[in-house]
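Visitor: Please see the structure below; I have some questions.
Every read-out reported here was derived from the displayed coordinates using simple, explicitly stated rules and does not represent laboratory data. Here the structure is a predicted model, which is why all the values come from computation and not from measurement. Cβ: placed from backbone, ideal geometry, glycine included. Neighbour counts: every protein chain shown.
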Amino acid sequence: MSGKLPSDKQKAASKKQSLADQGQASKSAASQLQSDADSSAVTKHGL
């Protein structure tokens, strides 16, 4: 991310993924959040 701080969407996706890894949240929901966050990063930073 070229030294930028993670966006709020990326932070939320990371937290949801952590919960999913612990079996406390849906893996598919975590995956969808991560996809949304990644799409936003591409739009914002051209990654």
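Visitor: Residues with beta-carbon under 14 Å from that of ALA30, excluding ALA30: net charge, scoring Lys, Arg +1 and Asp, Glu -1? Present the calculation step by step, with values, prior to reporting the outcome.
Guide: Details: positive: LYS9, LYS11, LYS15, LYS16, LYS27; negative: ASP21, ASP36, ASP38.
So the surrounding residues net to +2.
Visitor: Follow-up. With a sphere of radius 13 Å drawn around the Cβ of ALA13, what net charge do the other residues whose Cβ falls strictly inside it have (Lys, Arg +1; Asp, Glu -1)?
Guide: Details: positive: LYS9, LYS11, LYS15, LYS16, LYS27; negative: ASP8, ASP21, ASP36, ASP38.
Its environment carries a net charge of +1.
Visitor: Which residues' amide hydrogens lie under 5 Å from the amide hydrogen of ALA25, considering only partners 5 or more residues apart or on another chain, with H built in the peptide plane?
Guide: Hits under the 5 Å cutoff: ALA20.
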